[in-house]
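None of the figures in this text is laboratory data; all of them are computed from the coordinates on show. Treat the numbers as computed from the prediction; the structure is a model and nothing was measured. Reconstructed Cβ throughout: ideal geometry from the backbone, glycine too, with neighbour counts over all protein chains shown.
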């Protein structure tokens, strides 16, 4: 089965996210080598000799700081529109077939908030996951860089 | 059709809800957080395969103090123009014919838009207008 038919499921602060595999460059384990990371700090990762930005998705989504011990953190290196960039995640659940996901509408009561960095959710094992759209995340990241 | 009111309890507060708006009452269910939910909502759950928001009743019912660790055991599924919402409750006390009680405006000095009171057997219970509450929340 090709990569386009698979998704990665990961968690930040217990909230589940799905990411199309074509948006993923690498999963990097054991992020303790990154050093003293403050939840709100911008940092960099080394990717094959190049320094790429590490962005704080946790703060962007107003999620609690560092749900997991720093030693169990992983970094997802994403294929951005202007090059790769990374996010720290608490847990990677695995890679799953597209058939395991069912798109669902956000509740009407939540409205159409253009500033919210996601606008789609989908069900995976009866759990709503935030659909991670790398391009939408990049839009309006603003001062975090 | 006889108009009825349900008396429900949450964190020691008893409130009234028109039965006509209640679609279902569930045990549980499993709830989830979504990032950046609009103010006034505390999570979502699955109902009939749709992601349904949970209304946070703490402010409406003036429930203060440390948020509880355990989720309320029941969820009332309530119908609004914008769709169904879940209302967390600890228990359903009773269902009463609306005509057996009376209704009053909120006490003088309360903020405009505060809940009406359902008066039954000498006790006053906030009669929640869920439709108005949902409509007042930011999106």
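At a Förster distance of 35 Å, what's the computed FRET efficiency of residue B:97 paired with residue A:62, Cβ-Cβ distance as r, to 0.05? Kindly include the intermediate steps, with their values, before the conclusion.
Values: r = 45 Å, r/R0 = 1.29.
My answer for the efficiency is 0.20.
Can you give the Kirkwood hydrodynamic radius for chain B, in Å, rounded to one decimal and based on Cα pairs?
On the way: mean 1/r = 0.0640 Å⁻¹.
Kirkwood radius, chain B: 15.6 Å.
Distance in nm between label sites at residue A:26 and residue B:27, each 7 Å beyond Cα in the beta-carbon direction?
Label at residue A:26, label at residue B:27, 5.0 nm between them.
Based only on other Cβ atoms within 10 Å, what is the fewest-to-most ordering of B:102, A:115? Mind dumping the intermediate values first?
Numbers: B:102 11, A:115 7.
Fewest-to-most ranking of B:102, A:115: A:115, B:102.
For every helix of n ≥ 4 consecutive DSSP H residues, a contribution of -39,500 (n - 2.57) applies; sum these over chain B, divide by its total residues, and give [θ] at 222 nm rounded to the nearest 500 deg cm²/dmol. Don't jump to the answer; show the numbers that get you there.
On the way: 1 runs with 7 residues, N = 139.
Per the formula, -1500 deg cm²/dmol.
Quick check: the distance between the Cα centres of the stretch A:71-90 and the stretch B:8-80, to the nearest angstrom?
Between the Cα centre of the stretch A:71-90 and that of the stretch B:8-80, the gap is 35 Å.
Neighbouring Cβ atoms within 10 Å as the yardstick, rank A:58, A:48, A:11 fewest first.
Working: A:58 22, A:48 7, A:11 17.
Final ranking by Cβ density, sparse to dense: A:48, A:11, A:58.
Connecting C-alpha atoms closer than 10 Å in a GNM of chain B, tell me which of B:78, B:125, B:47 has the biggest fluctuation.
Judging by the Gaussian network model, the answer is B:47.
Among A:124, A:85, what is the fewest-to-most ranking by other Cβ atoms within 10 Å? Working shown, then result.
Numbers: A:124 18, A:85 24.
In order of increasing Cβ crowding within 10 Å: A:124, A:85.
What spacing in nm lies between the two simple spin-label points modelled at residue B:105 and residue A:135, each 7 Å away from Cα in the Cβ direction?
5.5 nm
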